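Written below as structure tokens is the structure these notes are about.
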Amino acid sequence: MLLYQAWLNWRLQRALSDLVAIPVAEQFGDGVIVLAGVLVMLSGAALAALSGWAVVAFMAGWTVQALYLLWTDHVSRIGEPEAVSGRRQSVYAFTGYTAATGIVLWLPTVGVLG
């Protein structure tokens, strides 16, 4: 879903680039969304394969998401209703990913990941 959203944003930005200047912060945010999407896919694939790389992939994905949420605190339009709703959804998704990351960090201790 993250990669699809980034693709849609990229297409929209290309279509509007002659009419409206796209802020660098939005372009950077889209790049981070792509990176997070790729890391989520890699972490899921590594976990499905029961690979020890799942720990690294989940931690990398968690770190990118945490830094992105901290960064958006400084550049987002906090007062807009869409921003509040999107922020809440992002925090909920991050909470779920944090729980999954915690489980993945525990799996090598019980011998599930090799």
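The values are calculated or read from the model by the stated rules, or taken from the named source; none is laboratory data. Because the structure is a prediction, the values reported are computed rather than measured. Glycine gets a Cβ as well: all are built from the backbone with ideal geometry, and neighbour counts include every protein chain shown. In case anyone asks, the SASA skips ligands and DNA or RNA and just uses the protein heavy atoms, side chains included. Shrake-Rupley method; radii C 1.70, N 1.55, O 1.52, S 1.80 Å.
Per residue of the chain, the DSSP helices (runs of n ≥ 4 H) give a summed -39500 (n - 2.57) that works out to -27500 deg cm²/dmol at 222 nm. Protein heavy-atom surface of region 3-114, 1.4 angstrom probe: 70% of the accessible area is carbon and sulfur, with nucleic acids and ligands not counted.
Using the per-residue mean of other Cβ atoms lying within 10 Å as a proxy for protection, in what order, highest first, do the peptides 20-32, 51-63, 97-109 fall?
On the way: 20-32: 12.6, 51-63: 18.2, 97-109: 14.5.
So the peptides 20-32, 51-63, 97-109, ranked by packing, come out 51-63, 97-109, 20-32.
Using bins of 10 Å that start at zero, the share of Cα-Cα pairs per bin across the chain amounts to 13, 38, 29, 14, 4, 1, in whole %.
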